[in-house]
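Below: one structure, written as structure tokens.
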Amino acid sequence: MTVQKQQMKRPLRSDTERTVRTILEAAERVLAADPAATMEQVARAAGVARTTVHRRFATREVLLEELTGWAARQFAEAVDAARPDAAPPLVALYQVTANVLRVKTDWSFAMNRSVEDAHPEAARRHAEVRATCLRLFRRAQEAGVFRPGMDLDWTRRVYYALIHEAAKEGAGGGDADALATRVMETLLSGAGVPGGPSGV
């Protein structure tokens, strides 16, 4: 194992971890505004020397990869924090929605990178979230939140699309709780008039 790989395996010291997070947060802000931004621009936004950025991330691609992995971890942790396997299904579903919207608006550039296939950690965490979401939807169906016989994978995809649209609306600093309420209302009630003709 090379020295560089050994260093990557070691736990980061708290001051190093703070520096890394500062750089990643700056990278998210800068790249969300300009996807072609340079390492120098990231360093300036982070308030650190360019050499500090290069010491932590040897290349721009390494920085992008770490940013993607970081956002995927925040995404998975946001879902876990809602206790989707323990909290009452409707409560958990609302909290997952609000938590995920916060991550998707705070880390919009990283979350929108289409690199799941090329980034094993991001792919793994997104797959775990999909499985968690389906478990939560099954619990919701058993609790009477969703109709019996609903295609839960289709419902999940619609739910993801609603979150995606809400995150775009919240990119300018929208209220995650209000957006989560809108997503939930649309998911649970749809756009039709309750009890009205379906037209189908």
Review point. Here are some residues: Arg113, Arg73. Which one is under 15 Å from Ala32 (Cβ atoms) and among the basic types (Lys, Arg)?
Key: Arg113
Check your understanding: In segment 45-61, is there at least one residue being under 17 Å from Tyr160 (Cβ atoms), among the small types (Gly, Ala, Ser) and either modelled with pLDDT under 95 or within 19 Å of the chain's Cα centre (by Cα) (or both)?
Key -> no
Study note, to complete from the structure: Listed by first then second residue, the pairs whose first member lies in segment 149-175 and is in the same structural domain as Arg138 (by TED's automatic domain parsing), whose partner is surrounded by 14 or more Cβ atoms within 10 Å (Cβ to Cβ) and among the aromatic types (Phe, Trp, Tyr), with beta carbons under 7 Å and at least 6 positions apart or on separate chains, are Leu152/Phe137; Thr155/Phe137; Thr155/Phe146; Arg156/Phe137
Review point. Are any residues in segment 57-74 more than 20 Å from His126 (Cβ to Cβ) and buried (at least 18 other Cβ atoms within 10 Å of the Cβ), and if so, which ones?
Key: Phe57, Leu63
Check your understanding: If we scan segment 65-75, do we find a residue that is out of contact with any Cys (no Cβ under 7 Å at 6 or more places or on another chain), closer than 30 Å to Arg182 by Cβ and of a type in the set (Asp, Glu)?
Key -> no
Point to revise | Unique match (being out of contact with any Ser or Thr (no Cβ under 7 Å at 6 or more places or on another chain), in the same structural domain as Arg182 (by TED's automatic domain parsing), exposed (fewer than 15 other Cβ atoms within 10 Å of the Cβ) and of a type outside the set (Asp, Glu)) among Val96, Val91, Val100 | key: Val91
Review point. So is Glu77 surrounded by fewer than 17 Cβ atoms within 10 Å (Cβ to Cβ), out of contact with any Lys or Arg (no Cβ under 8 Å at 6 or more places or on another chain), at negative phi and modelled with pLDDT of 95 or more or not?
Key: yes
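Matching residues to (1) more than 12 Å from the chain's Cα centre (by Cα); (2) within 18 Å of Ile23 (Cβ to Cβ):
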{"site": "Gln74", "(1), (2)": "no, yes"}
{"site": "Ala78", "(1), (2)": "no, no"}
{"site": "Ala81", "(1), (2)": "yes, no"}
{"site": "Pro84", "(1), (2)": "yes, no"}
{"site": "Ala87", "(1), (2)": "yes, no"}
{"site": "Leu93", "(1), (2)": "yes, no"}
{"site": "Val96", "(1), (2)": "no, no"}
{"site": "Leu101", "(1), (2)": "no, no"}
{"site": "Trp107", "(1), (2)": "no, yes"}
**Study point:** Positions within segment 13-42 being under 22 Å from Asn112 (Cβ atoms), over 21 Å from the mean Cα position of the chain (by Cα), β-branched (Val, Ile, Thr) and crowded, with 16+ Cβ neighbours inside 10 Å, in sequence order
**Key:** Val42
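The values are calculated or read from the model by the stated rules, or taken from the named source; none is laboratory data. A quick note: this is a predicted structure, and the numbers were derived from the prediction, not measured. When we count neighbours, we look across all protein chains shown, and the Cβ atoms used for this are built from the backbone with ideal geometry, even at glycine.
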